1. For segment 1-31 and segment 38-87, what is the separation of their C-alpha centers, rounded to whole Å?
2. Which residue fluctuates most in the GNM of the chain (Cα springs below 10 Å): Gly41, Gly54, Gly64?
3. Evaluated at 37 °C with a viscosity of 0.692 mPa s, what Stokes-Einstein diffusion coefficient in µm²/s does the chain have when Rh comes from the Kirkwood expression over alpha-carbon pairs?
4. Report the gain in length on full extension from Thr111 to Phe61: 0.36 nm times residue separation, minus Cα-Cα distance, nm rounded to one decimal.
5. State, as an integer percentage, the relative contact order of segment 22-81 based on alpha-carbon contacts under 8 Å between residues 6 or more apart.
6. Using the Cβ atoms and a cut-off under 13 Å, what net charge is assigned to the surroundings of Ile30, where Lys and Arg are +1 and Asp and Glu are -1?
7. Enter the accessible area of Val102 (Å², nearest 10), with the probe set to 1.4 Å and all protein chains included.
8. Subtracting the Cα-Cα distance from 0.36 nm times the residue separation, let me have the gained length for Ser100 to Tyr31 in nm, one decimal.
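The values are calculated or read from the model by the stated rules, or taken from the named source; none is laboratory data. For clarity, every value in this text was computed on a predicted model and none was experimentally measured. Cβ: placed from backbone, ideal geometry, glycine included. Neighbour counts: every protein chain shown. Accessible surface areas use protein heavy atoms only, side chains included; no ligands, DNA or RNA. Shrake-Rupley method; radii C 1.70, N 1.55, O 1.52, S 1.80 Å.
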Amino acid sequence: VQLQAFGGGLVQAGGSLRLSCSADGNMAGIYGMGWYRQAPGKQRELVASMTLDGMANYKDFAKGRFTISRDNAKNTLFLQMNNLEPEDTAVYYCQASSASGVYWGQGTLVTVFS
């Protein structure tokens, strides 16, 4: 499975961005997908995830501001990010989980300035 994330950029605090992650390859064994982020000098952390049946899970900092969604027909995962804060600055990665392993995309940089 190959994942490609895009949609990052430079945005002022309070603004919005929509990240997309396209997935190619055999998706038959994938049971969940998610977004992670890694800020400079920090560990990679979960932002939001979604199971195969559409159940979403958010970390506390993302609740009420971020929305994860998926277009199954196009094998695309989205992350709508609203009311962005400088603390959201990070490289955002999409991830897919299967019984045989975890797949990562290359990451897309989000920079929020005040």
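1. Centre-to-centre (Cα) distance: 9 Å.
2. Among Gly41, Gly54, Gly64, the largest GNM mean-square fluctuation belongs to Gly41.
3. Details: Rh = 14.0 Å.
In µm²/s, the coefficient rounds to 235.
4. Numbers: separation 50, 0.36 × 50 = 18.00 nm, distance 1.65 nm.
Length gained between Thr111 and Phe61: 16.4 nm.
5. Numbers: 81 pairs, mean separation 17.1, N = 60.
It comes to 29 percent, rounded to a whole number.
6. Details: positive: Arg70; negative: Asp24, Asp53.
Taking every Cβ under 13 Å from that of Ile30, the sum is -1.
7. 80 Å²
8. Answer, rounded to one decimal: 23.8 nm.
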